[in-house]
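Trainee: Supplied in structure tokens, the structure appears directly below.
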Ligand SMILES: Nc1ncnc2c1ncn2[C@@H]1O[C@H](COP(=O)(O)OP(=O)(O)O)[C@@H](O)[C@H]1O
Ligand SMILES: [Mg+2]
């Protein structure tokens, strides 16, 4: 589904990504872990075309490095950035509708609005009120659902559990499993091991600008040295 090879990115003269290699198969949940500032969000932005990438980003057999963000989205890459940017003045339902692709009608993709309301009763109960009244956890759900409504084949989700209660973290984990069940590939960015160790098929740990470990959650469990050096604070 996604093959990132030797990905580099810069902010001005700062060389942030220094040769990142990542691959994700259909229906696979891949976690990208690392401390703050190592370049996890920049990796997502470079894949999405929001930051200029150098290197290769193959998505469903096509080179997407260098394409515009809207084209990449239309090809089937969904992105849930870390700042939960809902439209606070619009209702929950209107926020979800904004996730539809140009020309796409609700119910045509793998996810319908009704699916979302069935999974998250809170969103149904607040369908017609301003999204600004939703709790942080509900806003996180809303941004994830909005992206899924657009029927992506790959979703990149940046720190979805940040600041959420343990119950909401569990809801996020359930949604991620459901995403995988529907055959969608997931890049899950997290800072701590958190849910990643329970639900990811594969884990990448990032150091400064590149991947320092790749393996299964069990392999990472066995590598105390990697966890100490690159993950624990
Ligand atoms: N818009 C920006 N302009 C300049 N530097 C940035 C910008 N965004 C991030 N950085 C820097 O790039 C590095 C990687 O950031 P980021 O990808 O956000 O890390 P992470 O998501 O792993 O916490 C950090 O040193 C950060 O300060
Ligand atoms: Mg980040």
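Each value in this text was obtained by applying a stated rule to the coordinates, not by laboratory testing. All of these numbers come straight from a predicted model, not from anything done at the bench. All Cβ positions, glycine included, derive from the backbone under ideal geometry; neighbour counts span all protein chains shown.
Trainee: Using packing as a proxy for protection, rank 216-222, 16-22, 115-121 so that the peptide with the highest average count of other Cβ atoms within 10 Å comes first.
Mentor: Numbers: 216-222: 14.6, 16-22: 19.4, 115-121: 16.7.
Packing order, densest peptide first, comes out as 16-22, 115-121, 216-222.
Trainee: Run the numbers for residue 201 and residue 118: contour at 0.36 nm per residue of separation, minus the present Cα-Cα distance, in nm.
Mentor: Full extension from residue 201 to residue 118 adds 27.2 nm.
Trainee: What's the long-distance tail for segment 37-168, i.e. % of Cα pairs beyond 19 Å?
Mentor: When all Cα pairs of segment 37-168 are counted, 51 percent exceed 19 Å.
Trainee: Over the chain, what is the relative contact order in whole percent, taking alpha-carbon pairs under 8 Å and six or more residues apart?
Mentor: 29 percent
Trainee: Additional query: Rounded to the nearest 500, what is the chain's calculated 222 nm mean residue ellipticity when only DSSP H runs of at least 4 contribute -39500 (n - 2.57) each, over all residues?
Mentor: Working: 10 runs with 80 residues, N = 233.
Mean residue ellipticity, 222 nm, calculated: -9000 deg cm²/dmol.
Trainee: Specify the angular offset, from 0 to 90 degrees and rounded to the nearest 10, of the alpha carbon long axis of helix 136-149 from the longest principal axis of the alpha carbons in the chain.
Mentor: Roughly 90 degrees between the two axes.
Trainee: On to the next question. Highest mean first, how do 137-148, 44-55 rank when packing is the count of other Cβ atoms within 10 Å averaged over residues?
Mentor: Numbers: 137-148: 22.9, 44-55: 19.8.
Order by mean packing, descending: 137-148, 44-55.
Trainee: Sticking with this structure for a sec: So if I take the centroid of the Cα atoms in segment 131-146 and the same for segment 89-112, what is the distance between those two points in Å?
Mentor: Centre-to-centre distance over Cα atoms comes out at 14 Å.
Trainee: Separate question: Return 197, 156 ranked ascending by Cβ neighbour count within 10 Å, so the fewest neighbours appear first.
Mentor: Placing the least packed residue first, the sequence is 197, 156.
Trainee: Also: Could you work out the relative contact order of segment 128-233, using alpha carbon pairs under 8 angstrom and six or more residues apart, expressed as a whole percent?
Mentor: This gives 19 percent for segment 128-233.
Trainee: Could you work out how far apart the two model spin labels at residue 177 and residue 232 are, taking each label as a point 7 Å from the Cα in the direction of the beta carbon, and quote it in nm?
Mentor: My value for the distance between the label points is 2.9 nm.
Trainee: Moving on. What is the Cα centroid distance between segment 1-51 and segment 74-88, reported in whole angstrom?
Mentor: Each part reduced to its Cα centre gives a spacing of 16 Å.
Trainee: Taking the chain as a Gaussian network, where each spring joins two C-alpha atoms under 10 Å apart, which residue of 204, 79, 11 fluctuates the most?
Mentor: Comparing 204, 79, 11 in a Gaussian network model of the chain, the most mobile one is 11.
Trainee: For the chain, find the longest principal axis of its Cα atoms and tell me its angle to the long axis of helix 166-181, 0 to 90°, nearest 10.
Mentor: Computed tilt is about 80 degrees.
Trainee: Largest first, please: the extent of the C-alpha atoms of segment 2-230 along each principal axis, to the nearest Å.
Mentor: Sorted from largest, the Cα extents of segment 2-230 read 48, 37, 32 Å.
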